[in-house]
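The values are calculated or read from the model by the stated rules, or taken from the named source; none is laboratory data. This is a predicted model, so every value here is computed, not measured. Every residue, glycine among them, receives a Cβ derived from its backbone with ideal geometry; neighbour counts consider all protein chains shown.
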């Protein structure tokens with residue numbers, strides 16, 4: 001029996017990345033018509049035959065998260081009703097990922113709710129990039145391929161050949177991620193100890209490790225309001241850091257983030273294109289790296305039933 005035809009489609013949240021992925025794979029994006037009614041409702045129509053196809057649907061569920069999630073669900077339902085053979089969701093940025101556990105009584109585990117929605121509507125598989133918490137994979141009862149943007153970021157910093165680099169985790173929770181970077185860049189590790197008083201606010205306490213006269217590379221999974229990263233950079237500077245870079249997979253950049261980054265002591269902010277950052281990529285302090293080749297290769301391997309994990313060995 002012939003294998004099903006591979007087809008790539010994209011929602012409207014991050015078309016630039018979807019186009020780069022398709023270009024890397026040497027195929028065209030599938031045709032889909034997405035409209036908004038005057039009352040805000042979303043209208044979706046697949047405008048080509050997908051019967052029996054192996055569908056990969058690319059959609060980041062960032063701001064506006066609710067609209068992008070609903071759009072994704074509607075597109076998925078359209079594929080299922082059009083008799084697609086398999087539907088794989090490619091979610092470069094998984095919205096609601098920070099609400100991954102109960103931190104107080106009478107609150108939902110929102111990341112699990114979203115996972116249940118995706119499964120219920122018809123997802124057969126999920127590809128995600130740098131989930132905020134590894135346990136989100138366990139919220140699904142379908143296969144999840146968890147990708148890491150680390151190889152793209154490590155390659156960038158290796159090519160910079162920075163003098164006396166040290167990797168810095170902006171909090172204790174990111175120590176494992178920072179340790180991975182330190183190992184591959186062959187440098188030491190420091191950790192910023194902070195206490196979070198309220199959501200989206202962080203107070204830096206002290207630095208664990210010697211950063212004096214070092215080029216610091218702060219590594220995190222995302223930069224949202226940039227409070228953590230900018231305060232952390234100031235603390236590093238106070239402890240004698242020579243230069244400070246910041247790197248993250250997801251550039252959420254909400255609220256005062258851009259202003260904070262522009263006014264911070266950070267030399268350069270390195271992000272990937274899991275979210276559409278085209279309006280920010282021209283800014284002096286921000287550089288955007290693409291994960292298109294990584295995701296494109298993953299899609300090909302899944303379609304051909306080959307190993308994905310060997311991409312990260």
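Before we move on, is residue 82 closer than 29 Å to residue 304 by Cβ, in contact with a strand residue (DSSP E or B) (Cβ under 8 Å, 6 or more places away or on another chain) and surrounded by fewer than 19 Cβ atoms within 10 Å (Cβ to Cβ)?
On the way: closer than 29 Å to residue 304 by Cβ: yes; in contact with a strand residue (DSSP E or B) (Cβ under 8 Å, 6 or more places away or on another chain): yes; surrounded by fewer than 19 Cβ atoms within 10 Å (Cβ to Cβ): yes.
Taking the combined requirement at face value, the residue satisfies it.
All but one of (1) over 20 Å from residue 95 (Cβ atoms); (2) touching a helix residue (DSSP H, G or I) at 6+ places or on another chain (Cβ under 7 Å) hold for residue 278; state the number of the condition that does not hold.
The number of the failed condition is (1).
Look at the stretch 289-313 and say how many of its residues are over 16 Å from residue 127 (Cα atoms) and either modelled with pLDDT of 95 or more or touching a helix residue (DSSP H, G or I) at 6+ places or on another chain (Cβ under 6 Å) (or both).
Residues of the stretch 289-313 over 16 Å from residue 127 (Cα atoms): 289-290, 313.
Then keep just the ones that are either modelled with pLDDT of 95 or more or touching a helix residue (DSSP H, G or I) at 6+ places or on another chain (Cβ under 6 Å) (or both); that gives 289-290.
Residues flagged as over 16 Å from residue 127 (Cα atoms) and either modelled with pLDDT of 95 or more or touching a helix residue (DSSP H, G or I) at 6+ places or on another chain (Cβ under 6 Å) (or both) within the stretch 289-313 amount to 2.
Checking residue 207 against (1) at pLDDT below 95; (2) closer than 28 Å to residue 17 by Cα; (3) surrounded by 15 or more Cβ atoms within 10 Å (Cβ to Cβ), which test does it fail?
If we test residue 207 against (1) at pLDDT below 95; (2) closer than 28 Å to residue 17 by Cα; (3) surrounded by 15 or more Cβ atoms within 10 Å (Cβ to Cβ), just (2) comes out false.
Restricting to the stretch 116-139, and then to whatever is part of a loop (DSSP other than H, G, I, E, B) and more than 20 Å from residue 312 (Cα to Cα), can you tell me which residue is modelled with the lowest pLDDT?
Kept after step one, since they are part of a loop (DSSP other than H, G, I, E, B), are these residues of the stretch 116-139: 122-124, 130-133.
Within this subset, residues satisfying the condition of being more than 20 Å from residue 312 (Cα to Cα) are 122-124.
Values: 122: 95, 123: 98, 124: 98.
Going through the qualifying residues, I end up with 122.
Can you name every residue in the stretch 72-87 that is more than 18 Å from the chain's Cα centre (by Cα), within 26 Å of residue 297 (Cβ to Cβ) and in a helix (DSSP H, G or I)?
Let us first name the residues in the stretch 72-87 that are more than 18 Å from the chain's Cα centre (by Cα), namely 73-87.
From what's left, within 26 Å of residue 297 (Cβ to Cβ): 75-76, 79, 84-87.
Within the stretch 72-87, 75, 76, 79 qualify.
What number of residues in the stretch 58-68 are farther than 20 Å from residue 296 by Cα and surrounded by 21 or more Cβ atoms within 10 Å (Cβ to Cβ)? Quick ask: steps written out before the conclusion?
If we filter the stretch 58-68 for residues that are farther than 20 Å from residue 296 by Cα, which is where we start, we get 62-68.
Of the ones still in play, those that are also surrounded by 21 or more Cβ atoms within 10 Å (Cβ to Cβ) are 62, 68.
Matching residues across the stretch 58-68 total 2.
Tell me the residue from 244, 291 that is over 20 Å from the mean Cα position of the chain (by Cα), closer than 27 Å to residue 215 by Cβ and surrounded by 20 or more Cβ atoms within 10 Å (Cβ to Cβ), please. Step through it out loud before you land on a result.
Numbers: 291 fails: over 20 Å from the mean Cα position of the chain (by Cα).
Just one listed residue meets the conditions, 244.
Identify, please: which residue in the stretch 33-57 is within 24 Å of the chain's Cα centre (by Cα) and without any contact (Cβ under 8 Å) to a residue 60 or more places away in the chain and is, among those, surrounded by the fewest Cβ atoms within 10 Å (Cβ to Cβ)? Don't jump to the end; show me each part of the working.
Taking the stretch 33-57 and keeping what is within 24 Å of the chain's Cα centre (by Cα), we get 34, 54-57.
Narrowing the set further to residues that are without any contact (Cβ under 8 Å) to a residue 60 or more places away in the chain leaves 34, 55, 57.
Numbers: 34: 14, 55: 25, 57: 24.
Per the stated criteria, the residue is 34.
Every residue, every condition in (1) in contact with a helix residue (DSSP H, G or I) (Cβ under 9 Å, 6 or more places away or on another chain); (2) over 22 Å from residue 310 (Cβ atoms), yes or no:
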{"site": "94", "(1), (2)": "yes, yes"}
{"site": "123", "(1), (2)": "yes, yes"}
{"site": "132", "(1), (2)": "yes, yes"}
{"site": "145", "(1), (2)": "yes, no"}
{"site": "163", "(1), (2)": "no, yes"}
{"site": "168", "(1), (2)": "yes, yes"}
{"site": "176", "(1), (2)": "no, no"}
{"site": "184", "(1), (2)": "yes, no"}
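Here's the yes/no breakdown for (1) modelled with pLDDT of 95 or more; (2) not assigned by TED's automatic domain parsing to the domain that holds residue 95; (3) not in a loop (DSSP other than H, G, I, E, B):
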{"residue": "12", "(1), (2), (3)": "yes, no, no"}
{"residue": "16", "(1), (2), (3)": "yes, no, yes"}
{"residue": "22", "(1), (2), (3)": "yes, no, yes"}
{"residue": "34", "(1), (2), (3)": "yes, no, yes"}
{"residue": "40", "(1), (2), (3)": "no, no, no"}
{"residue": "45", "(1), (2), (3)": "yes, no, yes"}
{"residue": "50", "(1), (2), (3)": "yes, no, no"}
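Looking at residue 270 and the list (1) modelled with pLDDT of 95 or more; (2) within 16 Å of the chain's Cα centre (by Cα); (3) over 19 Å from residue 220 (Cα atoms); (4) outside the structural domain of residue 57 (by TED's automatic domain parsing), which single condition is not satisfied?
Of everything listed in (1) modelled with pLDDT of 95 or more; (2) within 16 Å of the chain's Cα centre (by Cα); (3) over 19 Å from residue 220 (Cα atoms); (4) outside the structural domain of residue 57 (by TED's automatic domain parsing), residue 270 misses just condition (3).
The rows are residues; the columns are (1) exposed (fewer than 15 other Cβ atoms within 10 Å of the Cβ); (2) part of a helix (DSSP H, G or I); (3) in contact (Cβ under 8 Å) with a residue 12 or more places away in the chain.
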site: 89; (1), (2), (3): no, no, yes
site: 95; (1), (2), (3): no, no, yes
site: 114; (1), (2), (3): no, yes, yes
site: 141; (1), (2), (3): yes, no, yes
site: 155; (1), (2), (3): yes, yes, no
site: 158; (1), (2), (3): yes, yes, yes
site: 168; (1), (2), (3): no, no, yes
site: 174; (1), (2), (3): no, yes, yes
site: 189; (1), (2), (3): no, no, yes
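Would you check if residue 91 is over 21 Å from residue 56 (Cβ atoms) and in the same structural domain as residue 302 (by TED's automatic domain parsing)? Walk me through it before giving the result.
On the way: over 21 Å from residue 56 (Cβ atoms): no; in the same structural domain as residue 302 (by TED's automatic domain parsing): yes.
So residue 91 fails the test.
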